[in-house]
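Here is the structure we will look at.
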Amino acid sequence: MKFKPLCSALLMVGSFSLLGCGSGTTNNSNTPPATNVGQLSLNLKAIPSTQSSKKTLSASLSSAICQSGTCTWSNSANSNITQGETDNAFCTGTNSTRAGTGYSLGSGAYNMSLPSGIATASTGYGNTDVILELFNTPYASITPAMLKQYYDMGYTSVWVSPPQNSAYVTYSGNYAADNIPAWYGAYQPMDFGQIGNSSNVMSYGTASDLATLVTNAHKVGLQLIVDVAVHQFAQPGVNNTTYYTNYPGQTYSFASSNMAALQSFYWPQTKVSGYIPFGNTATTCASFANNTNGIIALWANNPNGSTYSSSFSSTTPWDADFSASEGWFDGVLPSASNSSSGWSGAASCGTQSIFDGYSAWLLGYNNGSGSMSAAASSTTGFNVDGFRIDDVSGQSPTFFNQLFSDTAAYNKNSNIFFGEYPTNSANDYSSYISIKTASGNNSSGNTMKMLNFPLLAGLNGAFAYGASLQASLTSMISSNDAYTSSTNGTLPGVNAINLVMDQDTVPDSIASRAMCPWTGTQSPNFVMNYYNAPLAYGVILAMEAGTPYVFADLQAQAGTGLTSSGTSTAANANGSVSYWNENEVIAGVYFHNQTLGQTMNWATVNASDADNVAALTRGKSYAFIVNKSTTVYEMTSSASNLNAGCYIDLMSHQIVNVNSSGVLNQLIVPAQSVMYFVPYTGSVPSTAGFSCS
């Protein structure tokens, strides 16, 4: 996670009047929809609503048919949101505290129950496909009961913050713009031969904590993914320890530009018992000449020579591949310019072996057989199920292809590896999605996946005021591609991890006032506001292409944050809203897992006022609708080739009946909402005029 001043312009979606599947911004709602343009066509008429409260007038809901005669219109995020400070207000305030008065959601937005009369929720690897990030969460605080809850909700994998020994970065007392949040230190590695650091209260846990977490996750049927930072390193002087030369006046600061210190930076020697040199890289390294079988030293071109030593040289710098001139640093960390040019050359033999060894240690001996049953440990390997690779663009594809080739014996084809590269152009991903991540399991055909920032930027544009929603979504998302653009390229679904927010883009301050220099200044804009976030989550959970990922910061959600001494206080809270158990996401995870393998087709929606509503089908038994506006719509006519029968919206519990001709009996689309329609076999009110049994 390096903050990068991204200077590419956002491809604006504009206000298209026509889209490929036939919808314009304004239409005559009395015109019958065509029957040959997909699996669903809807004509919608705007009906009155109370704009100030964004709630549908009760008279307009009187005809809706809902389970048990009760429609749950008020369980959406936008019906429960409380507006706090905007990013601008937060960043231009007094800065007397780190925390601000952010947005919050009432209890009605969380933990809803799905309606009865639907299929049992899918659970377990192979039946589910959703990643949950537990950002900034200590490993020991993730209990077996929590893991079981995530499994039961339909999550497939849990992704946790970086485990290696990292810099101890604290807030200072003046909340100045050149300070950084404490969690940022986790992305400034110090030692790849050590997990955590007991003297660092900001560390996420020890090797034992990580091994226990992996074992517990596997016991309930979840995969465990770890964040891996292999591009940037802590600056010299960040810790006054034997690992670093302490340069007078050199502190961990964005404002620092001490190039002399950086160019004299050296890396600690470390070693991990139980791992042998592997592949051509390790066996040809001079630095392994004095190794014995069973030990791999995680070192690079150490200035102290080829043998392991507890002493170090304070005057001899590393070779070029660890210097500021080869892409590892861009002046200082964080970089003053975009680091995403990558490093074109191959890593030195020793440097490659550092990361080979670290990766193999995390993946573990037992993963080669594909088994999740063996207990993880710091000596036999942690058996993690994949990596999220921080700032993947800072290393070359050559480096990663070599890494996965060298660690093939520790890998399994069900592992998942994905990289971070914030850009609005999928063209930038072309060399990375060709990286083979399962070289030991070539039959799987696994390649690197990428966090789908082009789609995130596009969703921000689509949900912007005045933008044409249906035209925007249908132009950039297809059944096979998670993002496509005539100018910005294509990201296939098999290589996409779709997101709405992550630790760098979560709204309301991006973690602390210290991050204010990045709020509102990114171009393209990756910060999804809290009104649009639940709608965007609906889209990425309903679409076919790509794997959806949901961000959670449990400390922020609880309104607390760590101090430099390791205690938690409200004054250090760094956000307010997480979506992992928010109602749109609960329903969306169910919908996504039930529709795995079902082909997506965009519907045609003709609204009477503007292009504010989009819809899609998955196969012939599932439908999704999203309405970004504060307008409520009523269906006036429809056509489809959906299977005849009853369907229920997981959010509102509204029931619709599709007759043998594919016509829906009725439909109310709430304001600022998502609707997930799934097959329903439960009871209906006696006044409905149809049955669903």
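The number of residues in the stretch 605-637 being over 19 Å from Pro115 (Cα atoms) and crowded, with 23+ Cβ neighbours inside 10 Å comes to 17.
Where strands (runs of 3 or more DSSP E) sit wholly within the stretch 628-693, those with at least 2 residues that are touching a Phe, Trp or Tyr at 6+ places or on another chain (Cβ under 7 Å) occupy 645-649, 655-658, 673-679. Candidates in the stretch 390-420 are the residues that are farther than 21 Å from Asp481 by Cβ and hydrophobic (A, V, I, L, M, F, W, C); of these, the one that is surrounded by the most Cβ atoms within 10 Å (Cβ to Cβ) is Leu403. When the stretch 421-447 is filtered for residues that are surrounded by 23 or more Cβ atoms within 10 Å (Cβ to Cβ) and at pLDDT 95 or above, the ones remaining, listed by number, are Ala426, Tyr429. Just one of the listed residues (Gln598, Gln555) is touching a Gly at 6+ places or on another chain (Cβ under 6 Å), modelled with pLDDT of 90 or more and either assigned to a loop (DSSP other than H, G, I, E, B) or farther than 30 Å from Ala644 by Cα (or both), namely Gln598.
Per the conditions (1) under 24 Å from Asn657 (Cβ atoms); (2) surrounded by 12 or more Cβ atoms within 10 Å (Cβ to Cβ); (3) at pLDDT below 65, the sole criterion not satisfied by Asn95 is (1).
On the given criteria, is Glu544 more than 16 Å from Leu456 (Cβ to Cβ), touching a Ser or Thr at 6+ places or on another chain (Cβ under 7 Å) and at pLDDT 85 or above? So Glu544 passes the test.
Summed over the stretch 458-467, the residues that are at pLDDT 95 or above and out of contact with any helix residue (DSSP H, G or I) (no Cβ under 8 Å at 6 or more places or on another chain) give a count of 0.
The values are calculated or read from the model by the stated rules, or taken from the named source; none is laboratory data. As the structure is a prediction and not an experimental result, all values here were calculated from the model. All Cβ positions, glycine included, derive from the backbone under ideal geometry; neighbour counts span all protein chains shown.
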